[in-house]
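This report concerns only the one structure given below.
The values are calculated or read from the model by the stated rules, or taken from the named source; none is laboratory data. Since we're looking at a predicted model, the values are computed, not measured. We place every Cβ from the backbone using ideal geometry, glycine too, and count neighbours over all the protein chains shown. What goes into the accessible areas is simple: the full protein's heavy atoms, side chains included, and nothing from ligands, DNA or RNA. Shrake-Rupley method; radii C 1.70, N 1.55, O 1.52, S 1.80 Å.
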Amino acid sequence: MIACSALALAGGCGSSKSSTTASSASTPTSTSGELKTTTTPKYAAPASSAAVQSGIVQVAYRNITIAPDTRKVKVGSTVKWTNYDAVEHNVTSESGPQHFASADFGESGTYEVKLTKPGVIHYECTIHPASMNGTIEVVK
Ligand SMILES: [Cu+2]
């Protein structure tokens with residue numbers, strides 16, 4: 001024990017090899033992969049029992065979320081988004097039978113799309129895709 005301490009001061013006694021690995025930890029790949037996972041839209045699906053809406057179907061953009069974020073609508077319906085936030089949002093389809101993309105619109109702004117083809121549309125606000133992504137199921 002005593003002999004070992006003396007040797008440690010001199011750099012011996014099985015000193016750990018710690019110095020080389022720590023300095024090589026800074027790689028340029030960094031965090032992009034992990035950030036991606038937190039911003040990937042989830043696109044909730046409407047419940048199979050959800051009521052089928054028709055006519056003009058309202059969707060609210062509020063508090064950087066979509067309310068409701070799922071809608072089931074009849075072909076020929078018009079979905080109308082209204083922005084209740086002080087920041088701008090947009091409506092951009094990502095997949096589905098019909099593609100649309102609004103300009104960014106601010107508080108009290110609206111955007112409408114008439115849905116003419118059955119299928120499942122995933123859309124998002126491209127400014128806030130992590131919390132603002134939605135699904136519209138268009139049924140015959
Ligand atoms: Cu937004």
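Numbers at a glance
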{"read-out": "Rg to Rh, two decimals, where region 61-135 supplies the alpha carbon set and Rh follows Kirkwood", "value": "0.93"}
{"read-out": "Exceeding the 20 Å Cα-Cα cut-off - candidates Lys72/Lys140; Lys42/Lys74; Lys42/Lys117", "value": "Lys42/Lys74; Lys42/Lys117"}
{"read-out": "Of the chymotrypsin sites (Phe, Trp or Tyr not before Pro) in region 69-137, those whose Cβ has at most 13 other Cβ within 10 Å and which sit in DSSP loop", "value": "Tyr84"}
{"read-out": "Portion, in percent, of the accessible area of region 50-103 that falls on carbon or sulfur, probe 1.4 Å", "value": "50 percent"}
